[in-house]
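Colleague: One structure coming up, written as structure tokens, with questions to follow.
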Amino acid sequence: MIVDLAIESHASVSPLGINHQEIWQSYLTPNHAISINDEGDWVGRIDPSIWFEIDELRTSDPRYRTLDPSTLLAIFTARQLNLKATETNFGVNIGSSRGATSSFEYEHHWFLEHGKSRPHSSPNTTLGNISSWVGQDLQSKGIAFSHSITCSTALHAIANACAWIKAGFSKSFIAGGAETPLTPFTLAQMKAMKIYSAEQDPWPCKALRADKKKNTLVLGEGCGLAVISHNIAAPLRIKSIGYSAEKIDHGSSISDEGESLYQSMKMAMEGLSQPIDAIVMHAPGTIKGDTAEWNAIDRLFAQRPLLTGNKWKMGHSFGASGSLSLEMALLMLKNQVFIGLPWDDKPHYPAALKQIMINAIGFGGNAISIVIEKAA
């Protein structure tokens with residue numbers, strides 16, 4: 001489905017850093033940014049010095065004092081975007097798989113201990129507070145809303161923003177995802193599914209590694225945002241979008257053939273005049289998840305495009321992961337360098353890159369594929 005809208009600017013905060021140059025340099029190295037927490041679990045953490053800056057938001061405005069880290073992270077990231085000073089009517093859709101994870105766990109524990117809820121527990125733990133507070137911080141008069149489609153949330157937010165703009169409901173949108181899932185309960189959920197990494201070698205997450213014998217998912221925190229508009233002069237563009245869903249056996253299942261990913265990629269390719277040069281895969285590091293996506297790609301393409309991903313490097317940030325994959329693709333287009341995998345013969349090398357596809361799929365079988373291009 002052709003949309004042809006502009007990506008005016010983009011910003012992120014992740015374990016790879018906080019600005020485009022720092023993040024790009026991290027991609028150019030074969031090292032990952034995953035470490036072990038105090039409980040002995042592999043996690044992808046934002047640098048403590050960056051969290052110190054983010055936490056300072058609490059003292060900058062009394063309204064921010066009780067906000068969840070995910071909301072503060074989104075506010076901090078949104079301030080890095082190059083917004084026009086006169087623009088006040090933009091929409092905001094910053095999705096999240098879990099939303100205010102830390103606050104929800106804390107408030108529920110407080111309720112069990114005291115038998116009552118604290119005054120701000122409800123507004124501070126709603127999923128919608130991420131977008132609404134970003135809109136407040138940037139003084140937007142446009143629509144602000146959030147949603148969760150689990151791990152495909154950020155790319156669905158971008159697709160939704162495109163729909164609003166194409167329909168004429170908004171001239172521009174801030175869209176993406178924010179997630180801070182490194183809490184005891186969330187980590188325990190992934191372990192209960194038997195998909196969390198217990199690797200002891202230098203590569204805790206082996207996303208896109210075909211010879212892995214175990215599931216190696218690692219959680220990471222991060223936020224990625226993009227400003228979408230009609231600007232016909234912007235060189236970086238969302239060319240097309242595809243989406244689909246498939247019948248599932250249980251909440252986290254995916255077919256061996258990756259049917260929904262196959263259909264979403266197929267829809268995204270309709271009407272394209274140029275070939276797909278590379279795909280930034282969803283590839284969570286689980287055996288079934290990675291294999292299903294490979295199968296879908298091999299079914300659709302006579303010859304595989306260049307394949308890559310970033311969860312081996314920073315972990316899986318749930319609802320924000322698609323926006324961080326989008327940023328990886330944007331940086332590859334800007335620099336005209338394909339970033340491969342550390343266990344490939346060529347970790348990174350120059351290539352003629354014009355169109356890159358980004359995939360994401362979440363619990364419930366909902367898949368989405370977005371094609372971006374660099375205009376000539």
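The values are calculated or read from the model by the stated rules, or taken from the named source; none is laboratory data. Just so we're clear, the structure is a prediction, and the values are computed from it rather than from any experiment. All Cβ positions, glycine included, derive from the backbone under ideal geometry; neighbour counts span all protein chains shown. These area figures cover heavy atoms from the full protein model, side chains too; ligands, DNA and RNA do not enter into them. Shrake-Rupley method; radii C 1.70, N 1.55, O 1.52, S 1.80 Å.
Colleague: Of the residues that sit in the range 260-312 and are more than 22 Å from the chain's Cα centre (by Cα) and of a type in the set (A, V, I, L, M, F, W, C), which one is nearest to residue 356 (Cα to Cα)? Reasoning before the result, please.
Modeller: Step one: list which residues in the range 260-312 are more than 22 Å from the chain's Cα centre (by Cα), which gives 270-275, 295, 298-304.
Filter once more, so that each one left must be of a type in the set (A, V, I, L, M, F, W, C): 272, 300-302.
Numbers: 272: 12, 300: 15, 301: 14, 302: 17 Å.
Checked the range 260-312; the qualifying residue nearest to residue 356 (Cα to Cα) is 272.
Colleague: Can I ask one more? In a helix (DSSP H, G or I), open to solvent by 20 Å² or more (accessible area, probe 1.4 Å) and aliphatic (A, V, I, L, M) - does that describe any residue in the range 105-112?
Modeller: yes
Colleague: Let me ask another. Consider residue 148 against the criteria (1) closer than 26 Å to residue 4 by Cβ; (2) crowded, with 18+ Cβ neighbours inside 10 Å: it satisfies all of them except one. Which criterion is unmet?
Modeller: Single failed check for residue 148: (1).
Colleague: Please determine whether any residue of the range 298-315 is over 26 Å from residue 220 (Cα atoms), touching a strand residue (DSSP E or B) at 6+ places or on another chain (Cβ under 7 Å), in contact (Cβ under 8 Å) with a residue 24 or more places away in the chain and open to solvent by less than 10 Å² (accessible area, probe 1.4 Å).
Modeller: Of the residues in the range 298-315, the ones over 26 Å from residue 220 (Cα atoms) are 298-305.
Next, from what is left, pick out any that are touching a strand residue (DSSP E or B) at 6+ places or on another chain (Cβ under 7 Å): 305.
Pick out the ones that are also in contact (Cβ under 8 Å) with a residue 24 or more places away in the chain and you get 305.
Next, from what is left, pick out any that are open to solvent by less than 10 Å² (accessible area, probe 1.4 Å): none.
Checked the range 298-315: no residue is over 26 Å from residue 220 (Cα atoms), touching a strand residue (DSSP E or B) at 6+ places or on another chain (Cβ under 7 Å), in contact (Cβ under 8 Å) with a residue 24 or more places away in the chain and open to solvent by less than 10 Å² (accessible area, probe 1.4 Å).
Colleague: Let me ask something else. Please determine whether any residue of the range 318-327 is modelled with pLDDT of 95 or more, closer than 18 Å to residue 206 by Cβ, crowded, with 22+ Cβ neighbours inside 10 Å and not aromatic (Phe, Trp, Tyr). First the steps, then the outcome.
Modeller: Of all residues in the range 318-327, those modelled with pLDDT of 95 or more come to 318-327.
Checking the rest, the ones that are also closer than 18 Å to residue 206 by Cβ come to 321, 325.
Next, only the ones that are crowded, with 22+ Cβ neighbours inside 10 Å stay: 321, 325.
Now restrict to residues that are not aromatic (Phe, Trp, Tyr): 321, 325.
Yes, that holds for at least one residue.
Colleague: For the condition closer than 16 Å to residue 223 by Cα and among the small types (Gly, Ala, Ser), what is the one hit in 100, 144?
Modeller: Numbers: 144 fails: closer than 16 Å to residue 223 by Cα.
Residue meeting the stated conditions: 100.
Colleague: Also: Determine, yes or no, whether residue 154 is open to solvent by 10 Å² or more (accessible area, probe 1.4 Å) and either assigned to a helix (DSSP H, G or I) or more than 23 Å from residue 19 (Cβ to Cβ) (or both). It would help to see each step written out before you state the result.
Modeller: On the way: open to solvent by 10 Å² or more (accessible area, probe 1.4 Å): no; either assigned to a helix (DSSP H, G or I) or more than 23 Å from residue 19 (Cβ to Cβ) (or both): yes.
Spelling it out, it is not the case that residue 154 is open to solvent by 10 Å² or more (accessible area, probe 1.4 Å) and either assigned to a helix (DSSP H, G or I) or more than 23 Å from residue 19 (Cβ to Cβ) (or both).
Colleague: Quick one: would you say residue 255 is in contact with a strand residue (DSSP E or B) (Cβ under 8 Å, 6 or more places away or on another chain) and either open to solvent by less than 20 Å² (accessible area, probe 1.4 Å) or hydroxyl-bearing (Ser, Thr, Tyr) (or both)? Spell out how you get there, then give the answer.
Modeller: On the way: in contact with a strand residue (DSSP E or B) (Cβ under 8 Å, 6 or more places away or on another chain): no; either open to solvent by less than 20 Å² (accessible area, probe 1.4 Å) or hydroxyl-bearing (Ser, Thr, Tyr) (or both): yes.
Taking the combined requirement at face value, the residue does not satisfy it.
Colleague: I would also like to ask the following. Identify, from the list 50, 23, 54, 46, the residue that is at pLDDT 95 or above, β-branched (Val, Ile, Thr), open to solvent by 10 Å² or more (accessible area, probe 1.4 Å) and outside any strand (DSSP E or B).
Modeller: Details: 23 fails: open to solvent by 10 Å² or more (accessible area, probe 1.4 Å); 54 fails: open to solvent by 10 Å² or more (accessible area, probe 1.4 Å); 46 fails: open to solvent by 10 Å² or more (accessible area, probe 1.4 Å).
None of the other options fit; the residue is 50.
Colleague: Only one of (1) crowded, with 22+ Cβ neighbours inside 10 Å; (2) assigned to a helix (DSSP H, G or I) is not met by residue 294, so which one is it?
Modeller: Single failed check for residue 294: (1).
Colleague: Within the range 270-289, track down each residue that is open to solvent by less than 60 Å² (accessible area, probe 1.4 Å) and among the hydrophobic types (A, V, I, L, M, F, W, C).
Modeller: The first filter runs over the range 270-289 and keeps only residues open to solvent by less than 60 Å² (accessible area, probe 1.4 Å), leaving 272, 276-286, 289.
Within the range 270-289, 272, 276, 278, 279, 280, 281, 283 meet the criteria.
Colleague: Moving on. Which strands (runs of 3 or more DSSP E) does the range 306-376 wholly contain that include 3 or more residues that are under 15 Å from residue 177 (Cβ atoms)?
Modeller: Correct list: 355-362, 366-374.
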